[in-house]
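Remarks on the structure that follows.
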Amino acid sequence: MEYNVSKLTSNLYLLRFKDTRTKYFEGLWEIPEGIMYNSYVYTGNEGAIIFDTWKIGLGNEFLEALRNIVDLGDVRYVVVHHMEPDHSGILKTLVEKADPIVLGHPLVKNMAESFYSVSMKFRPVKDGEEIVFDDEKIIFHHTPWLHWPETIMSYITSGKILLTCDAFGSYGVFKEVWADELSGEDYERYLWYAKKYFANVIGIHYEWVVKNLEKLVSRGVTPNLVLPSHGLLLRGDPLDYMYKKYMSWGHGEPERGKTLLIYTSMYGFVERTVKIIREYFSGLNQDIDIIGFTDSNRPNISDVIGEAFDAENIILASATYDADLYPLMKHIASLITRKTPREKKVAIIAQYGWGGKAGKILEEIMNTQGFKVVGVVEFKAGEEEKYRDKIIGLIESLKK
Ligand SMILES: [Fe+2]
Ligand SMILES: [Fe+2]
């Protein structure tokens, strides 16, 4: 747990907190890679503007970091891009110590008063409203559902700098400030964290990415620098790449040919079926990503959703439990239906000891959410060889 202060331009600073203590982001997503909170401070003759803060509970650290740049008394504005407490967590402290004008979406006032019992000088900003501060024009754009309805972005016009809040963020703790300072495996790791973060956090609202980015373009927002509130900062090639990726994810486009198999196996019977599928794919010389939950292996569900987001086809293979769908599979399936695009094809395999039920339940979960279930093969544990042709037939129907 530490923080850094970095100078980005002649008057813009990054205050970054590296959080390696939070095990479950949003109390839900496993993040062994950690997460960073980025706050930005603009300074000038008129004082300072703070854009977003850090997670709730880090007030002392935030004030300590801020003192490296400005006196608290010089803070004129605090811009709240988003009320989620990983960014608004120090708002009350700042209001009490510096009494700034708080700028944000009209929804912010009520939420802040409720979340933090704070009374503040609040000024709501309209979509497209601008302020001039120290001869710098800053425009606020409403960007709903990235990732809450009150989310806004700030555009510092002279440097074409877009502060994007959660959008373009990523998990992971890095010593580098910019994504273009990474190369090779480190850069690949960053790209994976960015995709996983997108799927976990923004995934449910993926269609809003396109609406918001197109709106920004139509308003002439073509940033040279993109500064998100998590992860590494973007410029140059990584910025171009991530912009294209966001448009692609926003359109729900899968990675062509990517098949993901997720299975739960209590005593190894489902794993025997997985072996058949693995052999089938290796016989075709095709890749398949396989994630298994067993009595010795418990993958991170955050990773599963990260992988599922851009899969073209998904195979779900599950055990039965208490005459119901295996609980972990139920949880994963419901997250897939919430967080990933619905155009995927899904093949279902279920196995049981006494009676078949899990397959139908899993099919219903996926079907009611609009996923295309190509078929269900369900059989008693231990009978996978008898069902080999049906299993292969089911997998082949994913390609039709
Ligand atoms: Fe958020
Ligand atoms: Fe966030």
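Of the residues that make up segment 65-73, is at least one surrounded by fewer than 17 Cβ atoms within 10 Å (Cβ to Cβ), without any contact (Cβ under 8 Å) to a residue 12 or more places away in the chain and either within 14 Å of ligand 2 (Cβ to nearest atom) or not polar (S, T, N, Q) (or both)?
The answer is yes, given that some residue of segment 65-73 is surrounded by fewer than 17 Cβ atoms within 10 Å (Cβ to Cβ), without any contact (Cβ under 8 Å) to a residue 12 or more places away in the chain and either within 14 Å of ligand 2 (Cβ to nearest atom) or not polar (S, T, N, Q) (or both).
Out of segment 6-29, which residues are farther than 30 Å from GLU46 by Cα, hydroxyl-bearing (Ser, Thr, Tyr) and not in a strand (DSSP E or B)?
Selection gives THR20, THR22.
So VAL70 fits all but one of (1) more than 16 Å from ligand 1 (Cβ to nearest atom); (2) within 30 Å of the chain's Cα centre (by Cα); (3) aliphatic (A, V, I, L, M); what number is the exception?
Going through the list (1) more than 16 Å from ligand 1 (Cβ to nearest atom); (2) within 30 Å of the chain's Cα centre (by Cα); (3) aliphatic (A, V, I, L, M), VAL70 breaks only (2).
Let's see how each residue does on (1) away from ligand 1 (no atom under 16 Å from the Cβ); (2) within 22 Å of PHE168 (Cβ to Cβ); (3) without any contact (Cβ under 8 Å) to a residue 40 or more places away in the chain:
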site	(1), (2), (3)
TYR193	no, yes, no
ASN200	no, yes, no
ILE204	no, yes, no
LYS215	yes, yes, no
LEU227	no, yes, no
LEU261	yes, no, no
GLU271	yes, no, yes
GLY283	yes, no, yes
PRO299	yes, no, yes
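Quick check on this structure: which one of PRO106, PRO85 is open to solvent by 10 Å² or more (accessible area, probe 1.4 Å), within 15 Å of ligand 2 (Cβ to nearest atom) and more than 19 Å from LEU12 (Cβ to Cβ)?
PRO85
In segment 379-394, is there at least one residue being assigned by TED's automatic domain parsing to the domain that holds THR273 and either modelled with pLDDT under 95 or of a type in the set (S, T, N, Q) (or both)?
no
Within segment 336-360, restricting attention to residues that are within 24 Å of LEU28 (Cα to Cα) and open to solvent by 10 Å² or more (accessible area, probe 1.4 Å), which residue is farthest from the chain's Cα centre (by Cα)?
In the first step, residues of segment 336-360 are kept if they are within 24 Å of LEU28 (Cα to Cα); the result is 336-342.
Retained after the next criterion (residues that are open to solvent by 10 Å² or more (accessible area, probe 1.4 Å)): 338-339, 342.
Details: ARG338: 13, LYS339: 10, ARG342: 17 Å.
Taking the candidates together, the pick is ARG342.
Among the residues of segment 138-161, what is the count of those that are within 14 Å of ligand 2 (Cβ to nearest atom) and in contact with a Pro (Cβ under 8 Å, 6 or more places away or on another chain)? Walk me through how you get there before you give the answer.
Taking segment 138-161 first, the residues within 14 Å of ligand 2 (Cβ to nearest atom) are 143, 145-148, 150-153.
If we keep only those that are in contact with a Pro (Cβ under 8 Å, 6 or more places away or on another chain) as well, we get 150-151.
Adding up the residues that qualify gives 2.
Name the single residue, out of those in segment 88-100 being outside any loop (DSSP other than H, G, I, E, B) and in contact (Cβ under 8 Å) with a residue 24 or more places away in the chain, that is most open to solvent (accessible area, probe 1.4 Å).
For segment 88-100, the residue satisfying everything is LYS97.
Between THR22, THR53, which is of a type outside the set (Phe, Trp, Tyr), in the same structural domain as TYR155 (by TED's automatic domain parsing), in contact with a helix residue (DSSP H, G or I) (Cβ under 8 Å, 6 or more places away or on another chain) and within 15 Å of ligand 2 (Cβ to nearest atom)?
Working: THR22 fails: in contact with a helix residue (DSSP H, G or I) (Cβ under 8 Å, 6 or more places away or on another chain).
Step by step, each of THR22, THR53 is checked, and only THR53 is of a type outside the set (Phe, Trp, Tyr), in the same structural domain as TYR155 (by TED's automatic domain parsing), in contact with a helix residue (DSSP H, G or I) (Cβ under 8 Å, 6 or more places away or on another chain) and within 15 Å of ligand 2 (Cβ to nearest atom).
Could you look through segment 141-177, keep only residues that are free of Cβ contacts under 8 Å to residues at least 60 places away in the same chain and over 17 Å from the mean Cα position of the chain (by Cα), and pick out the one that is farthest from ligand 1 (Cβ to nearest atom)?
That would be SER158.
Would you check if MET242 is open to solvent by less than 10 Å² (accessible area, probe 1.4 Å) and of a type in the set (A, V, I, L, M)?
On the way: open to solvent by less than 10 Å² (accessible area, probe 1.4 Å): yes; of a type in the set (A, V, I, L, M): yes.
For MET242, the condition - open to solvent by less than 10 Å² (accessible area, probe 1.4 Å) and of a type in the set (A, V, I, L, M) - is met.
I'd like the full set of residues that are part of a strand (DSSP E or B) and either out of contact with any Asp or Glu (no Cβ under 8 Å at 6 or more places or on another chain) or acidic (Asp, Glu) (or both), limited to segment 268-315.
ASP289, ILE290, PHE293, ASN313, ILE314, ILE315
The values are calculated or read from the model by the stated rules, or taken from the named source; none is laboratory data. Quick caveat, the model's predicted, so the values are computed rather than measured. Here the Cβ is made from the backbone with ideal geometry for all residues, glycine too, and neighbour counts use every protein chain on show. Accessible surface is based on the protein model in full, side chains and every heavy atom, while ligands, DNA and RNA are left aside. Shrake-Rupley method; radii C 1.70, N 1.55, O 1.52, S 1.80 Å.
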